[in-house]
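Q: Got a structure for you, written out below as structure tokens; questions coming shortly.
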């Protein structure tokens, strides 16, 4: 299918964009407000994300402190275990000492027990029996003398025995204290292990919570950033449409129908030449498959061919337009205008003055075609007539 006439589309677009000016300004204002809101929300989300990152950094430091505290707890647990081991060993040593003390005490108690038994036996004998039995008096005197001689030794051994008994009692008290300390050490060890487990669980839960919040805020910031970029692209597009409307508004408006009023006399022809060499694909006035008359001349040109200005004039428009590629509109004055479409690159800018033959752009590289439309007071003019004239 062949394209619709470009100049008519450009003229209709200019009229619609001029009438759309107030609505477009209101829409731009709304877009600007939405863009500002999206940017503000994106900045707020970014700030929250950075705050959470700082908090996470502090949490990292807290984690290091927690690690140090955990190591300190572990060290205290090891110390408690060492104290527990020492208490167990001390208890064992005290038990061994008590066993040895009991053995020594039993050994030292035997002579005293025998002596005490002998004295008890003598004390139970009747005094009359001592008088009747021969030699009993002498035995009693000898026993008396023996007792007088051994009594200091008995007293000394009794004192030593009492000291041994007191030492055994002290060892027993030490054993009780050691067992109590052992029980306290075991209880303290259990409490420290419970504290360490609670501390690790709390720090792990806090770290997971902070990580989740930071990830959520990062996702929000990305979403707001995408929305802001979309609104910025929309605003740029509408600004481009506004500039296009302003440039197209400077073009001549539609002429009255033939016969409605007297037509002005045709101005003299201008020096004109084809902007590029090529094979004619579509001529002026040909009817397309859609039943539309072609108002321009379409040429099949060489890839990257240079396109020049067909006549001197001012560049009224130079920018991409819809599906026509880059478009250049030249105002030659006295009502003559030229529209050149399907350029791959541009070599001029709007408002620039050009001479005949000045390069205005280049064709594409893949089966390029260039379309030229010449108009006089908005009406299409066959290019061949001007070139022949």
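Each value in this text was obtained by applying a stated rule to the coordinates, not by laboratory testing. Computed from a predicted structure; not experimentally measured. Positions of Cβ are generated from backbone atoms using ideal geometry, with glycine treated the same way; all protein chains shown enter the neighbour counts.
Q: Give me the number: length gained by fully extending residue 181 to residue 88, i.e. 0.36 nm times residue separation minus the C-alpha to C-alpha distance, one decimal in nm.
A: Stretched out fully, the residue 181 to residue 88 stretch lengthens by 32.5 nm.
Q: Further, regarding this structure: Taking the Cα-to-Cβ direction at residue 236 and at residue 169 and moving 7 Å from each Cα, how far apart do the two end points lie in nm?
A: For residue 236 paired with residue 169, the spin-label model returns 10.1 nm.
Q: Could I ask something else about it? Once the mean 1/r over all distinct Cα pairs of segment 270-389 is inverted, what Kirkwood radius in angstroms do you read off?
A: 14.2 Å
Q: Can you figure out the FRET efficiency of residue 104 with residue 76, using R₀ = 25 Å and their beta-carbon distance, to the nearest 0.05? Walk me through the intermediate numbers first.
A: Numbers: r = 41 Å, r/R0 = 1.63.
That gives a FRET efficiency of 0.05.
Q: Arrange the peptides 273-281, 163-171 so that the one whose residues have, on average, the most other Cβ atoms within 10 Å appears first.
A: Packing proxy ranking, top to bottom: 273-281, 163-171.
Q: On to the next question. How big is the gap, in Å, between the Cα center of segment 145-172 and the Cα center of segment 189-223?
A: 70 Å
Q: Suppose each label sits 7 Å from its Cα in the direction of the beta carbon; what would the residue 208-residue 367 distance come out to in nanometres?
A: Taking the simple label geometry, residue 208 and residue 367 are separated by 6.2 nm.
Q: Kindly rank 223-232, 295-304 from highest to lowest mean number of other beta carbons found within 10 Å of each residue. Kindly include the intermediate steps, with their values, before the conclusion.
A: On the way: 223-232: 16.0, 295-304: 18.6.
The peptides rank, most packed first, as 295-304, 223-232.
Q: Residue 154 to residue 379: extension gain in nm, 0.36 nm per residue of separation minus the Cα-Cα distance?
A: 65.7 nm
Q: Calculate the FRET efficiency for residue 277 and residue 226 from the Cβ-Cβ distance with a Förster distance of 30 Å, rounded to the nearest 0.05.
A: Values: r = 48 Å, r/R0 = 1.60.
With R0 = 30 Å, the Cβ-Cβ based efficiency is 0.05.
Q: Further question: How far is it, in nm, from the label point at residue 116 to the one at residue 352 when both lie 7 Å from their Cα along the line to the Cβ?
A: Modelled inter-label distance: 13.3 nm.
Q: Moving on to the next point. Using 0.36 nm per residue of separation minus the Cα-Cα distance, give me the extension gain between residue 199 and residue 36 in nm, one decimal.
A: In short, 54.1 nm is gained.
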